[in-house]
1. Just need a number here: residues in the range 34-65 that are in contact with a strand residue (DSSP E or B) (Cβ under 9 Å, 6 or more places away or on another chain) and more than 16 Å from ligand 2 (Cβ to nearest atom).
2. For G213, state whether it is in contact with a Lys or Arg (Cβ under 9 Å, 6 or more places away or on another chain), farther than 24 Å from I29 by Cβ, of a type in the set (G, A, S) and away from ligand 2 (no atom under 16 Å from the Cβ).
3. Quick check on this structure: which one of L298, L267 is closer than 17 Å to F335 by Cα, within 16 Å of ligand 2 (Cβ to nearest atom) and touching a helix residue (DSSP H, G or I) at 6+ places or on another chain (Cβ under 8 Å)?
4. Kindly provide the set of residues from the range 34-59 that are without any contact (Cβ under 8 Å) to a residue 60 or more places away in the chain and part of a loop (DSSP other than H, G, I, E, B), ordered by number.
5. Could you figure out which of (1) free of Cβ contacts under 8 Å to residues at least 12 places away in the same chain; (2) within 11 Å of ligand 2 (Cβ to nearest atom) isn't true of D163?
6. So which of A88, A93 is among the hydrophobic types (A, V, I, L, M, F, W, C), crowded, with 20+ Cβ neighbours inside 10 Å and closer than 27 Å to E178 by Cβ?
7. Is there a residue being buried (at least 20 other Cβ atoms within 10 Å of the Cβ) and within 16 Å of ligand 2 (Cβ to nearest atom) anywhere in the range 353-362?
8. Please work out which residue is modelled with the lowest pLDDT, limiting yourself to the range 184-201 and to residues that are surrounded by fewer than 22 Cβ atoms within 10 Å (Cβ to Cβ) and touching a helix residue (DSSP H, G or I) at 6+ places or on another chain (Cβ under 8 Å).
Amino acid sequence: MTKRVFIKTYGCQMNVYDSARMAELVAPIGYAPSETATGADLVILNTCHIREKAAEKVFSELGGIRRLKDAMEKRGERMIVAVAGCVAQAEGAEIMRRAPFVDMVFGPQSYHRLPEMVARATRAAGTGILETSFPAEAKFDYLPEPASKSNVSALLTIQEGCDKFCTFCVVPYTRGAEFSRPAAQVIAEARQLVAGGAREITVLGQNVNAYHGEAPDSGEWGLGELLRALTRIPGLQRLRYTTSHPRDVDDALIAAHRDLTQLMPFLHLPVQSGSDRVLAAMNRRHSADDYRRTVQKLREARPDLAFSSDFIVGYPGESDLDFRATLDLVAEIGFAQAYSFKYSPRPATPASAEKQLPEPVKNERLGALQGLLRKQQRAFNDAAVGTTMSVLFERPGRHAGQLVGRSPWLHPVHADAGPERIGEVVLVRIVGVRSNSLTGVVDGVRVAAQ
Ligand code: SAM
Ligand code: SF4
């Protein structure tokens, strides 16, 4: 009898990728995906630890899962409950202590052992399994091939971990040291994704442009070389990458933006702050002017490149003047979109030991920054109206006869088109703007180039 697995994913796209791999790992041992935890034989919470209350959210979710597990046990059935991801890595022992009904807790570096852990948990109910070491073997060597059918827009992790140790960030502690997959392995996975129907691939890494993987012949490739090689895969129409660090934007990557039409003109390049004092305190190891220069070089290479970013406001010691410098940088660069967060002290990170700014100050600054960023995003979206852009249709829209796709600049675009056009890149004339998306009309005459 087929068993069912429910996986709930929190946080970043790397977790989305990991969850998909987990589903593929348990498929051969008889688990089919389930849309709900109710009645599932295996429930996995794939967690994120980047900002506060992450662990509390997990414990509250576990409360509900426990009730479902108890109900199943009353019917003589078994539910295996697993907590995975970065909260598991950081707080594994605490989860086992506070939620003893959890059968297994494993970090992002151990999930390739999932089938073996499930077998152990099935044999020995009530003995918790904790796997939060950073094992010596490379996880990616043990992952199955991607499923035969891929999403039109697929994710592919090429790099993991981080050695940069920004003072606010838990990633180096939860994901471990920086690691790049060999280029041949990445290319093989990309080919399989395209064979399964992917037309766009976003390559992922905590610091994706720190990529330095073994080259297929000898030596090493950076991200620029890898992207160049990926564009040679027939059928792969679009490439993106995220998340990049301003310090690791090198000439080869800039040249890739200049030369590769498949590389989409939208770049998420987190800056965090516009103040050199705060950037130094954060250990970002670049200045606001370094960031300006990098953006300028990239814009020279690819004039239609639009930028997105991450910002932290209320970092310990951030003065009004420092915050002003962030607003100035935003006004100067002009972002198509951005994420902004109040600084949140993370356990064991250096900044968490510093004196914290009062909450009202953080709130006020976040409000001001988000107001400015919203205005820029609106202007960016408004400017799309009346233009014609290529859209990769990904799935049916909410209304019958409608599809949703993405523009080169990541705008979601809704347009009337038949389902046979899913997976096609189509020229669409933009006629309207909604709060977070565009509406358009398919241009039936011309064929899109990218
Ligand atoms: N590696 C990327 C970089 O260096 O820019 C970002 C990785 S992190 C997963 C995503 C974003 O979460 C960061 O860019 C930062 O803005 C935010 N973030 C990380 N730690 C945070 C904290 N302690 N408080 C608030 N925001 C945080
Ligand atoms: Fe975290 Fe990014 Fe800094 Fe690494 S570079 S420590 S992932 S914010």
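1. 20
2. Yes.
3. Exactly one of L298, L267 is closer than 17 Å to F335 by Cα, within 16 Å of ligand 2 (Cβ to nearest atom) and touching a helix residue (DSSP H, G or I) at 6+ places or on another chain (Cβ under 8 Å), namely L267.
4. Taking the range 34-59 and keeping what is without any contact (Cβ under 8 Å) to a residue 60 or more places away in the chain, we get 34-41, 43-48, 53-59.
Result: S34, E35, T36, A37, T38, G39, A40, D41, C48, K53.
5. (1)
6. Every option except A88 fails the conditions.
7. no
8. Q185
The values are calculated or read from the model by the stated rules, or taken from the named source; none is laboratory data. Because the structure is predicted, anything quoted here is derived from the model rather than measured. Quick reminder, even Gly has a Cβ in these numbers, built from the backbone with ideal geometry, and neighbours come from all protein chains shown.
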